[in-house]
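**Q** The structure's right below; bear with me while I get my questions together.
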């Protein structure tokens, strides 16, 4: 990978910002305790991990945050099947992502914080961890890291790649920096044909590009009625009760549903309403909203053995939502009535549930297209659309069942991306050792 003026400028600026900015940040972290748990690893210092040095293949997966951790969770079982002898470690950028990774994946790999994209720190990390292969999940291009890893002989793969028109336009403004990074990947697996076309515009080699689907849709491949039964028992919900789940909500969305909530509760006296905010640091904000409307609720973590007192449940734990969708009657996926890009609507569809979403679904445009093409998606422009549709489906159980069946059929048909991407990794590593 030849150095360019743009890369040289980036390298200089990151070194300069780190030299100037790190000392005050370190003092802040020391006195407040914030980020104290991650600062060593972000500087490329890791606890001794002898397994990384004894196994032939060491596979580093990078997941920026929770969404990419979910992709890793789907990919790992297939990777373990294809490459059982390898050591695996996963890096995240965010604390939230790290927490979910440790809760969901710590039994199958080591979880670390990603190093800062500063040249000397990157070199330290690569020297310590000695990866055979680096897998970037989705599209997070760190120039110093990718450049040094490529120069060190690490096989680079970009999996589950997505690229919006907006990101494409931004990257095309710095071609001398981005083009060599794209060329450095031994393979790029993208979610959709549209993503593939955008990567080709950035200079990706057509022979190294694979349209493989979204690996996250494999994560719900093994649904079990036992999960739904366990949640109903724990939460004290019988099978005849209607359950409304508002998943991965963002600021402003809960407030939008207040009036529809009162209408639904008035018509369906024993209905259960479950709110699962995308970020748990918003719990206080939602509790204030509940209090301002005199709405009694319970936190998910505080309900046990079916002893539930109120019909509103606020999910205050991570990692529950995908399985919790199993008990939903009607589901709204958040981040879509406000411009946050939406969330994974297939997590609900795989359970055979009608899933509603707003107009802001750019991050899951492929899922929207797939579901709507089969009559299994339920787009809304405002909360009143949700209420209107719910009442209509309650009056037409046959139509409700048809939408549920279509949703599950469509979602199940998306399975297999994890296997395709794992085979790609295995083939690349086998080529390396021929």
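**Q** Taking residue 214, is it within 25 Å of the chain's Cα centre (by Cα) and in the same structural domain as residue 194 (by TED's automatic domain parsing)?
**A** The answer is yes for residue 214.
**Q** A further question follows. Does residue 150 count as in contact (Cβ under 8 Å) with a residue 40 or more places away in the chain, within 27 Å of residue 213 (Cα to Cα), crowded, with 22+ Cβ neighbours inside 10 Å and touching a strand residue (DSSP E or B) at 6+ places or on another chain (Cβ under 8 Å)?
**A** So residue 150 does not fit the description; no.
**Q** So residue 170 passes all but one of these: (1) surrounded by fewer than 15 Cβ atoms within 10 Å (Cβ to Cβ); (2) touching a helix residue (DSSP H, G or I) at 6+ places or on another chain (Cβ under 8 Å). Which condition number does it fail?
**A** (2)
**Q** Kindly indicate whether residue 54 is closer than 21 Å to residue 91 by Cα, surrounded by fewer than 17 Cβ atoms within 10 Å (Cβ to Cβ) and modelled with pLDDT under 90.
**A** When the stated conditions are applied, residue 54 passes them.
Here's the yes/no breakdown for (1) in a helix (DSSP H, G or I); (2) more than 22 Å from residue 212 (Cβ to Cβ); (3) in the same structural domain as residue 245 (by TED's automatic domain parsing); (4) free of Cβ contacts under 8 Å to residues at least 24 places away in the same chain:
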| position | (1), (2), (3), (4) |
| --- | --- |
| 347 | yes, no, yes, no |
| 351 | no, yes, yes, no |
| 370 | yes, no, yes, no |
| 378 | no, yes, yes, no |
| 384 | yes, yes, yes, no |
| 389 | yes, yes, yes, no |
| 400 | yes, yes, yes, no |
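**Q** Being in contact with a strand residue (DSSP E or B) (Cβ under 9 Å, 6 or more places away or on another chain), over 12 Å from residue 157 (Cα atoms) and at pLDDT 85 or above is the filter here, so list the residues in the range 413-434 that pass it.
**A** Once the filter is applied, which keeps residues that are in contact with a strand residue (DSSP E or B) (Cβ under 9 Å, 6 or more places away or on another chain), over 12 Å from residue 157 (Cα atoms) and at pLDDT 85 or above, the range 413-434 yields 417, 420.
**Q** Residues that are in a helix (DSSP H, G or I), in contact with a strand residue (DSSP E or B) (Cβ under 7 Å, 6 or more places away or on another chain) and under 27 Å from residue 9 (Cα atoms): does the range 180-189 have at least one?
**A** yes
**Q** Still on this structure, please answer the following. Looking at residue 206 and the list (1) surrounded by fewer than 22 Cβ atoms within 10 Å (Cβ to Cβ); (2) at pLDDT 95 or above; (3) closer than 18 Å to residue 422 by Cα, which single condition is not satisfied?
**A** Only one criterion is unmet by residue 206, namely (3).
**Q** Evaluate the following for residue 382: is it out of contact with any helix residue (DSSP H, G or I) (no Cβ under 7 Å at 6 or more places or on another chain) and surrounded by fewer than 20 Cβ atoms within 10 Å (Cβ to Cβ)?
**A** Yes.
**Q** Name the residue, out of 63, 71, that is modelled with pLDDT under 90 and surrounded by 15 or more Cβ atoms within 10 Å (Cβ to Cβ).
**A** One residue alone meets the criteria, 71.
**Q** Something else about it: Name the pairs whose Cβ atoms lie under 6 Å apart, with the first residue in the range 32-61 and assigned by TED's automatic domain parsing to the domain that holds residue 128 and at positive phi, the second assigned to a loop (DSSP other than H, G, I, E, B) and at pLDDT 80 or above, and 6 or more positions between them or separate chains?
**A** What qualifies is 44/115.
**Q** Next up: Since residue 91 meets every condition but one in (1) without any contact (Cβ under 8 Å) to a residue 60 or more places away in the chain; (2) surrounded by fewer than 20 Cβ atoms within 10 Å (Cβ to Cβ), which condition does it not meet?
**A** (2)
**Q** For the structure I just gave you, tell me whether residue 163 is closer than 22 Å to residue 7 by Cβ, in contact with a strand residue (DSSP E or B) (Cβ under 6 Å, 6 or more places away or on another chain) and in the same structural domain as residue 37 (by TED's automatic domain parsing).
**A** For residue 163, the condition - closer than 22 Å to residue 7 by Cβ, in contact with a strand residue (DSSP E or B) (Cβ under 6 Å, 6 or more places away or on another chain) and in the same structural domain as residue 37 (by TED's automatic domain parsing) - is not met.
The values are calculated or read from the model by the stated rules, or taken from the named source; none is laboratory data. Given the structure is predicted, the values throughout are model-derived calculations rather than measurements. No Cβ is skipped: glycine too gets one built from the backbone with ideal geometry, and neighbour counts run over all protein chains shown.
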